[in-house]
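Structure first, commentary second.
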Amino acid sequence: MERGYVKLWRKSIDSFVFADLELWKLWCLCLMKANHKGRWIPLEGLKEPIKINPGQFMTGRESLHQIYYPRKKKNQKSALTLWRWLQILEKAGNLNIKSYTKYSIITISNWTEYQQDEQQMNNKRTTDEQQMNTNKNDKNDKNDKKSKKKVIKEKYLEFVFFTKEEKLKLDEKYGAKVEPMIEMLNNYIGQSGKKYKSHYHVMLGWVAEKIENKKQAPKGSSSSLPYHEINTGD
């Protein structure tokens, strides 16, 4: 007899199999007969051995009956009855029966999920943790990239914002005129409530033109929008 152990899950108590002592004995027998490791089993009359995977075992009606009843007892069930019980377990989804001419292979359902040993569980846990860490690192990398793409603008007056690069470009292009240009744009935004996607491009547009030409919006205009403003979608 092979040494080792199998796991019995507590939820089995609620099953109809547990409520039937004979059926429960047969189910436990199947669990204990199932192989934990793959192996090849030679069979008389066959040249090639039979491969048995983890969670499987080879049996037949008579051999299963002998294991179930190691000693003869009164009123013991027949081999056919025992096999019908096995088919009940198959219908319940506990196992699968694949019969051949000289033997049958019984496969326990979800064997790896319920019967994996501690080492396998630790390996799976380590693999899952590594995958979670990889996913977390990928997410952090994406967040870092987003942070790098996010443009940080500094406040120069109450309503006007530029990046440092934009401010440097304006200083290089307009010099001393930049401050009155910023003040003009700030006053206009404060009065009109108009919003722009880029204050830098507005500065390059109608604000610069207004400063250069020193023109004023026509008196009596129904709109507070500077007539030199170029609508570029900013």
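Per-structure values
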{"quantity": "Filter pass, Lys51 being under 43 Å from the mean Cα position of the chain (by Cα) and closer than 20 Å to Thr112 by Cβ", "calculated": "yes"}
{"quantity": "The range 20-41, subset touching a residue at least 60 places away in the same chain (Cβ under 8 Å) and either part of a loop (DSSP other than H, G, I, E, B) or not assigned by TED's automatic domain parsing to the domain that holds Thr59 (or both), residue nearest to Ile108 (Cα to Cα)", "calculated": "Ala34"}
{"quantity": "Number of the exception - Lys214 against (1) surrounded by 14 or more Cβ atoms within 10 Å (Cβ to Cβ); (2) at pLDDT below 85; (3) charged (D, E, K, R)", "calculated": "(1)"}
{"quantity": "Pairs with Cβ under 8 Å, 6+ apart, first in the range 43-54 and in a loop (DSSP other than H, G, I, E, B), second loosely packed, with under 11 Cβ neighbours inside 10 Å", "calculated": "Pro49/Trp40; Pro49/Pro42; Pro54/Lys37"}
{"quantity": "Of all residues in the range 83-119 being part of a loop (DSSP other than H, G, I, E, B) and surrounded by 15 or more Cβ atoms within 10 Å (Cβ to Cβ), the one that is modelled with the highest pLDDT", "calculated": "Asn94"}
{"quantity": "Matching option when the condition is more than 45 Å from the chain's Cα centre (by Cα), surrounded by fewer than 14 Cβ atoms within 10 Å (Cβ to Cβ) and of a type in the set (D, E, K, R), among Lys37, Lys73, Lys25", "calculated": "Lys73"}
{"quantity": "In the range 25-41, the residues that are touching a Phe, Trp or Tyr at 6+ places or on another chain (Cβ under 7 Å) and among the small types (Gly, Ala, Ser)", "calculated": "Ala34"}
{"quantity": "Index of the failed condition, Val17 passing every other in (1) of a type in the set (Val, Ile, Thr); (2) in contact (Cβ under 8 Å) with a residue 24 or more places away in the chain; (3) touching a strand residue (DSSP E or B) at 6+ places or on another chain (Cβ under 6 Å)", "calculated": "(3)"}
{"quantity": "Residue within the range 59-67 that is hydrophobic (A, V, I, L, M, F, W, C), more than 16 Å from Tyr103 (Cα to Cα) and part of a helix (DSSP H, G or I) present", "calculated": "no"}
{"quantity": "Residues that are within 17 Å of Trp206 (Cβ to Cβ) and either exposed (fewer than 13 other Cβ atoms within 10 Å of the Cβ) or out of contact with any Leu (no Cβ under 7 Å at 6 or more places or on another chain) (or both), drawn from the range 173-182", "calculated": "Lys173, Tyr174, Lys177, Pro180, Met181"}
{"quantity": "Scan of the range 154-172 for residues that are surrounded by fewer than 18 Cβ atoms within 10 Å (Cβ to Cβ), free of Cβ contacts under 8 Å to residues at least 24 places away in the same chain and of a type in the set (D, E, K, R), ordered by number", "calculated": "Glu154, Lys155, Lys164, Glu165, Asp171, Glu172"}
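Matching residues to (1) assigned to a loop (DSSP other than H, G, I, E, B); (2) touching a Gly at 6+ places or on another chain (Cβ under 9 Å); (3) at pLDDT 85 or above:
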| position | (1), (2), (3) |
| --- | --- |
| Gly175 | no, no, yes |
| Glu183 | no, no, yes |
| Tyr200 | no, no, yes |
| Gly205 | no, no, yes |
| Ala208 | no, no, no |
| Ser224 | yes, no, no |
| Glu229 | yes, yes, no |
| Thr232 | yes, yes, no |
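The values are calculated or read from the model by the stated rules, or taken from the named source; none is laboratory data. Please read these numbers as outputs of a predicted model, since none were measured by experiment. In this analysis, Cβ positions are derived from the backbone assuming ideal geometry, glycine residues included, and neighbour counts consider all displayed protein chains.
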